[in-house]
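Enquirer: Take a look at this one; I'll ask things after.
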Amino acid sequence: MATIPSILPAGNPTVHYARLYGALEGYAVQTAAGLVFVDHDQHIYALDASHAAGLSLLAPVSGVERANVLAALAQCAAQG
């Protein structure tokens with residue numbers, strides 16, 4: 001698992017509430033670049049297959065909250 005400076009949310013990425021390894025809560029986002037996890041402090045982690053196994057998807061995120069998660073990803077991409 002690596003913190004990455006930029007992820008470009010292309011198309012219509014899916015966003016879910018998620019829990020990583022049963023402890024870290026945040027959002028799972030499936031982007032064109034792959035699966036990422038965004039915690040509540042807006043740290044972004046690229047998940048490979050071994051780390052994705054520790055991810056529990058809880059419920060889809062929609063509306064303003066989904067837009068905020070995608071905006072955080074876009075802001076990170078702009079800074080990269």
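Enquirer: In the range 31-66, which residues are modelled with pLDDT under 90, in a strand (DSSP E or B) and polar (S, T, N, Q)?
Expert: Listed by number, the list holds a single entry, Thr31.
Enquirer: Moving on. Within the range 61-73, is there a residue that is of a type outside the set (Phe, Trp, Tyr) and touching a residue at least 60 places away in the same chain (Cβ under 8 Å)?
Expert: Yes - at least one qualifying residue is present in the range 61-73.
Enquirer: I've got another one for you. Name the residues in the range 26-59 that are charged (D, E, K, R), loosely packed, with under 14 Cβ neighbours inside 10 Å and either in contact with a His (Cβ under 8 Å, 6 or more places away or on another chain) or without any contact (Cβ under 8 Å) to a residue 24 or more places away in the chain (or both), would you?
Expert: Asp41, the sole residue that qualifies.
The values are calculated or read from the model by the stated rules, or taken from the named source; none is laboratory data. The model shown is predicted, which means the values in this text are computed figures rather than measured ones. Neighbour counts are summed over all protein chains in view; Cβ atoms, including those assigned to glycine, are modelled from backbone coordinates with ideal geometry.
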